[in-house]
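**Q** Sharing a structure here in structure tokens format.
Derivation of every value follows stated rules applied to the coordinates shown; laboratory data play no part. Predicted model, so just to flag it, every value in this text is computed and none were measured. Because the Cβ atoms are built from the backbone with ideal geometry, glycine has one as well, and the counts that use them run over all protein chains shown.
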Amino acid sequence: MRYMVTGGLGFIGSNFLQRNVVARPNDTFVNVDSCSYAANPKSVESLESAANYRFVRLDLAGGSDVRTVVTEVSPDVIVHFAAESHVDRSIRGPESFLRSNVIATHNLLEAARELWARGREGVRFHHVSTDEVFGSLGSEGAFTEETPYDPSSPYSATKAASDHLVRAWHRTFGLPVTISNCSNNYGPRQHPEKLIPLMILNAKAGHALPVYGEGANIRDWLHVDDHCAAIELILEKGQSGRTYNVGGHGERTNLQVVEAICTSMAAELGRSEASVREQIRYVQDRPGHDFRYAIDPRRIESELGWKPKWTFEDGLRETVRWYVANEAWCASAVNDDYRQWTQTHYAPPQTGTP
């Protein structure tokens, strides 16, 4: 099998490659990435010498170049991770999200349709999406595959648009596709602008731990290994045209997550937990901040036999240990773009309780 993995220098894509390149030596993996600010070549550095792996730098929003590369690679499977994914950046600059999430997905769908129209059997286009397309939940309930879309941010709106494109290419052109909508991922190799690695690195450096509003917003956390295992099952056994929600049964408020990181970091650094918690600062809330996300994963559990292996507590402890132990990777991720973003992004901190 020939796999084209888009966004393989990013968080989830690199973990997918790390799980599969060595484990599947008879399959070929082509990592296609535009090398944006969030891409990190060190995430796949250990794979560079593998005979069944290669990297292609490509901007998927680039039109004809996409067709050329897809034709040359001639993949049996496309796993489409590539996306701009940071909500705050989408609020400050939506246009790049339209290019990366909508135009790029269109180009990739068209290239796959043209290639696979030539009589290819058993091919699959898998689109990796988010629970944010569903909008915000109240205090009860969970998103199912039938939940109407109600995106709140430019990021989630562009992901919703790309989901609709994938479904349309299946229904109109017969392209064999599957879609997964996942809850918040965490684990190794995540860009430090995201909540969990940001808090880990800031706690280690003695910097402020910025928490939006009162920290009461709730997310459903999913370990990236569990997510990758779900995608592998969907590729193996998923029904074409079907959507699968992937969630980790890990609902926590943002403040609970930060406090748990403080506990783990205190143990790793040999500090008191109270001294790490003193770094927490409450900052101005994000515009349009969805209150709660929760995924109902019963379809993938019942149809494909998937179950998350990581509890949030165990997964978070291992995640903290990974970032503390992998200083070279962290140093490569903390680039000039990241420094500028963190210095200008947050409102002046408020002290004490919100």
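**Q** Can you tell me the Rg and Dmax of segment 1-140, counting just the alpha carbons, in angstroms?
**A** Rg and Dmax of segment 1-140, Cα atoms, are 15.6, 50 Å.
**Q** Give the relative contact order (percent, whole number) for segment 1-93; include only Cα pairs under 8 Å separated by 6+ residues.
**A** 39
**Q** Mind jotting down the three principal axis lengths of the chain based on Cα atoms? Whole angstrom, largest first.
**A** The Cα atoms of the chain stretch 64, 45, 39 Å along the principal axes, largest first.
**Q** Let me ask another. Starting from segment 129-226, pick out the GluC sites (Glu not before Pro) whose DSSP state is loop and whose Cβ has at most 12 other Cβ atoms within 10 Å.
**A** Glu140, Glu146
**Q** Next question, about the same structure. Can you give the net charge of the other residues whose Cβ lies under 12 Å from the Cβ of Ser85, counting K and R as +1 and D and E as -1?
**A** Net of charged neighbours comes to -1.
**Q** Specify the angular offset, from 0 to 90 degrees and rounded to the nearest 10, of the alpha carbon long axis of helix 254-269 from the longest principal axis of the alpha carbons in the chain.
**A** 80
**Q** Okay, next question. Quick one: length gained pulling Ala274 to Arg171 fully straight, 0.36 nm per residue minus the C-alpha distance?
**A** Extra length available between Ala274 and Arg171 comes to 31.5 nm.
**Q** What angle do you read, to the nearest 10 degrees and between 0 and 90, between the alpha-carbon axis of helix 11-20 and the longest principal axis of the chain?
**A** Here the helix axis deviates by roughly 60 degrees.
**Q** With an 8 Å cut-off on Cα pairs and a minimum separation of 6 or more residues, tell me the relative contact order of the chain in percent.
**A** 18
**Q** With r as the distance between the Cβ atoms of Arg92 and Tyr149 and R0 = 41 Å, compute the FRET efficiency 1/(1 + (r/R0)^6) and round to 0.05.
**A** Efficiency for this residue pair is about 0.95.
**Q** Then there is this: For Met1 paired with Lys237, estimate the spin-label separation in nm (one decimal), with each label point 7 Å from Cα along the Cα-to-Cβ line.
**A** 1.4
**Q** In terms of modelled amide H atoms, which long-range or inter-chain residues lie less than 5 Å from the amide H of Tyr282?
**A** The answer is Val211, Gln350.
**Q** If you don't mind, there's one more thing I want to ask. In whole Hz and in residue order, list the ³J(HN,Hα) couplings for segment 199-211 that follow from phi through the Karplus curve 6.51 cos²θ - 1.76 cosθ + 1.60, θ = phi - 60°; x for Gly and Pro.
**A** Listing the rounded values in order: 5, 5, 5, 5, 4, 5, 7, x, 8, 5, 9, x, 10 Hz.
**Q** Let me ask something additional. Name the long-range amide H neighbours of Phe29: under 5 Å, sequence gap of 5 or more, or other chain; modelled H, no Pro or chain starts.
**A** Tyr3, Tyr53, Arg54
**Q** Under 5 Å between amide H atoms, partner at least 5 residues away or on a different chain: which partners does Phe81 have, H built in plane at 1.01 Å?
**A** Thr6
**Q** Restricting to bridges with both residues inside the chain, how much of the DSSP beta-bridge set is antiparallel, in percent to the nearest 5?
**A** On the way: 4 of 41 bridges.
The answer is about 10 percent antiparallel.
**Q** Right, here's the next one. How much length, in nm to one decimal, is gained on full extension between Ala50 and Glu121, taken as 0.36 nm per residue of separation minus their Cα-Cα distance?
**A** 22.8 nm
**Q** Straight-line reach from Lys307: which lysines fall under 24 Å, measuring Cα to Cα and dropping same-chain residues less than 8 apart?
**A** Result set, ordered by chain and number: Lys237.
**Q** Another question, if that's okay. For segment 92-184, what's the relative contact order in percent, using C-alpha pairs closer than 8 Å and at least 6 residues apart?
**A** 41
**Q** Sticking with this structure for a sec: Using DSSP, restrict attention to beta bridges with both residues in segment 147-268 and report what percent are antiparallel, rounded to the nearest 5.
**A** The answer is about 30 percent antiparallel.
**Q** Follow-up. Rounded if a/c is under 1.5, else prolate if a/b beats b/c, else oblate: with a ≥ b ≥ c from the C-alpha gyration tensor eigenvalues square-rooted, which is segment 48-109?
**A** prolate
**Q** Using only the alpha-carbon atoms, how far is helix 224-237 inclined from the longest principal axis of the chain? Give it as 0 to 90 degrees, nearest 10.
**A** Rounded to the nearest ten degrees, it is 20.
**Q** Still on this structure: Want the number for Ser136 to Ala23: 0.36 nm per residue separation, take away the alpha-carbon distance, what's left?
**A** Using 0.36 nm per residue and subtracting the Cα-Cα distance, I get 36.9 nm.
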